[in-house]
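Student: So that we are looking at the same thing, I have put the structure below in structure tokens.
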Amino acid sequence: MPQRIILGMGADPVALGLLAAILAEQRSARVTAGQVPLIPWNLPHGGPGIRERFARWKATGAAIVGDVAASYLPHAEEAVAAEPGVRMACLTRPKAEVIASLRGRPEDDGPTPMDHWARQPAPGWTHHPFRTRTYPQYDTRSRDEGIGLYWEEYRARSVALQRRHPGNFRIVEAGALGDPDAVRSLLDFLGVPPEDRVVVTGRLPREEARSEAAGPRWTPLDPRRCVVLVPFGGPIVPDCEAGLRALERLGYPVRRVGGHAAIDQVRNQMATDALADGFDELMWIDSDVVFRPEDVEALRRLGLPMACGIYPKKGSRVLACHVLPGTPRLTFGKAGGPVEILYAGAGFLLARREVYLTIQARLGLPVCNERFGKPMIPFFEPMVRTIEDGHWSLGEDYAFSERARRAGFRVIADTSLRLWHVGAFRFGWEDAGTDRDRFGTFTIEFDRPEP
């Protein structure tokens, strides 16, 4: 028997799960559900797509191979062109049932519910860092309306495909999967040999009518909206750990992740995981930075997309940031306050969800490592940028700031916050400019660059 490729698709995730379960029981088939890497609704130009996926599947040697996922629909024409013998089953279900099915998904259990279908989600809603790209987006502020538009587009495109490619594409009523004869007919169309068939049926659950979910569950400054991210390669210094535990007592979720040599990779993974879990704010604190819980809340109260505190590098008279060209001085302490800088160190950095998602969208950052079970977006990948007549190699934190600036965000530092960077002793702002005297207010003058 010649090798056969099968694609299952449909707008309703519950129905797709039932189809995937039926196909997984067929003896000669190797059909998965939502195989990674996920296929985006709109594939990037020049990127890998259906043809590359088919080539990988065919190399397995399985008699029947395929996958079930909603986002195959816009790529059906390319699938027929790449593999004329492909068989595609598209499940359909009444519009109201699909809207009800897509409400209250597990991803809505985080701090902010997801709206995959709005081009610009309404306040209190957000996109998912990698699942949203598997859906089309529309100019609507209502999730229910967006899902309805999705159903209408799905229906129109599937009807057109069945008309153009009747030998490759078939629309199947999802409710018919409870009928053994209908399942046999489907398996016959898909090319599963009679001797290998296992006729499995199932019933779709009755979707209860529910109103559209509310937006944000908590107030803007609720600590549960902000996750504290602490990457560490060695011990977390005791005073930093004391601050982290104080934040936990206030209700902040704190994620400590150690054992990674490549700091850019751990930051990429921690940021991606936090975004996937729905957090609105990501607060980075290095394991050797000492702070007060009030410092975190002061940054949050600024209400800015991106804000940081400033501390010195250990053992040298240098701040762990880069000021804007032409900045004559920075004043710290009681006379300090918010000021724009060029790049921030990530040792005490707050960046809102919108910063990450905008960077991803505007700069076209790919979702990496899906096949290894840990999707990751390279927000902190080191980069090289030109500077005047030369080049500047940016480490992971400065690279993130550069991407944020390219995406249209300003980097703001609150110089009133007193932070300490622990090395041989506690380094404070003054150590970037003088010996170890301490002041309530301290100003650092910057040298003018030579021509």
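No value in this document is a laboratory result; all are computed from the given coordinates. Everything numeric here is computed off the predicted structure, so don't read it as measured data. So basically every Cβ, Gly included, is an ideal-geometry build from the backbone, and we count neighbours across all protein chains shown.
Student: If you average the C-alpha positions of the stretch 146-183 and of the stretch 87-144 separately, how far apart do those two centres end up, in angstrom?
Tutor: 19 Å
Student: How far apart, in nanometres, would the label points at residue 387 and residue 188 be if each is projected 7 angstrom from Cα along the Cα-to-Cβ direction?
Tutor: 7.2 nm
Student: Taking 0.36 nm per intervening residue step and subtracting the Cα-Cα distance, what contour gain separates residue 370 from residue 256 on full extension?
Tutor: 38.8 nm
Student: I've got another one for you. Given a Förster distance of 22 Å, report the FRET efficiency between residue 159 and residue 38 from their Cβ-Cβ distance, rounded to the nearest 0.05.
Tutor: The calculated FRET efficiency here is 0.30.
Student: Points 7 angstrom from Cα along the Cβ direction at residue 239 and residue 445: gap in nanometres?
Tutor: Here the answer is 2.9 nm between the modelled labels.
Student: Sticking with this one: At 222 nm, what value in deg cm²/dmol follows for the chain if DSSP H runs of at least 4 each add -39500 (n - 2.57) and the sum is divided by all its residues, to the nearest 500?
Tutor: Computed mean residue ellipticity for the chain: -8500 deg cm²/dmol.
Student: Order by neighbour count: 92, 358, fewest other Cβ atoms within 10 Å first, most last.
Tutor: 358, 92
Student: By a straight-distance test (C-alpha under 29 Å), which lysines pair with residue 334 as possible cross-link partners, with residues fewer than eight away in the same chain excluded?
Tutor: Correct list for residue 334: 313, 314.
Student: If you don't mind, another one. Give the calculated FRET efficiency between residue 201 and residue 119 to the nearest 0.05, with a Förster radius of 41 Å applied to their Cβ-Cβ distance.
Tutor: Efficiency at R0 = 41 Å is approximately 0.55.
Student: Taking 0.36 nm per intervening residue step and subtracting the Cα-Cα distance, what contour gain separates residue 78 from residue 327 on full extension?
Tutor: Going from the current span to full extension adds 84.2 nm.
Student: Also, quick follow-up: Fewest to most neighbouring Cβ within 10 Å: what's the order for 12, 181?
Tutor: Ranking 12, 181 by Cβ neighbours within 10 Å, fewest first, gives 181, 12.
Student: State, to one decimal in nm, how far the label point of residue 60 lies from the label point of residue 292, with both points 7 Å from Cα in the Cβ direction.
Tutor: About 5.9 nm, to one decimal.
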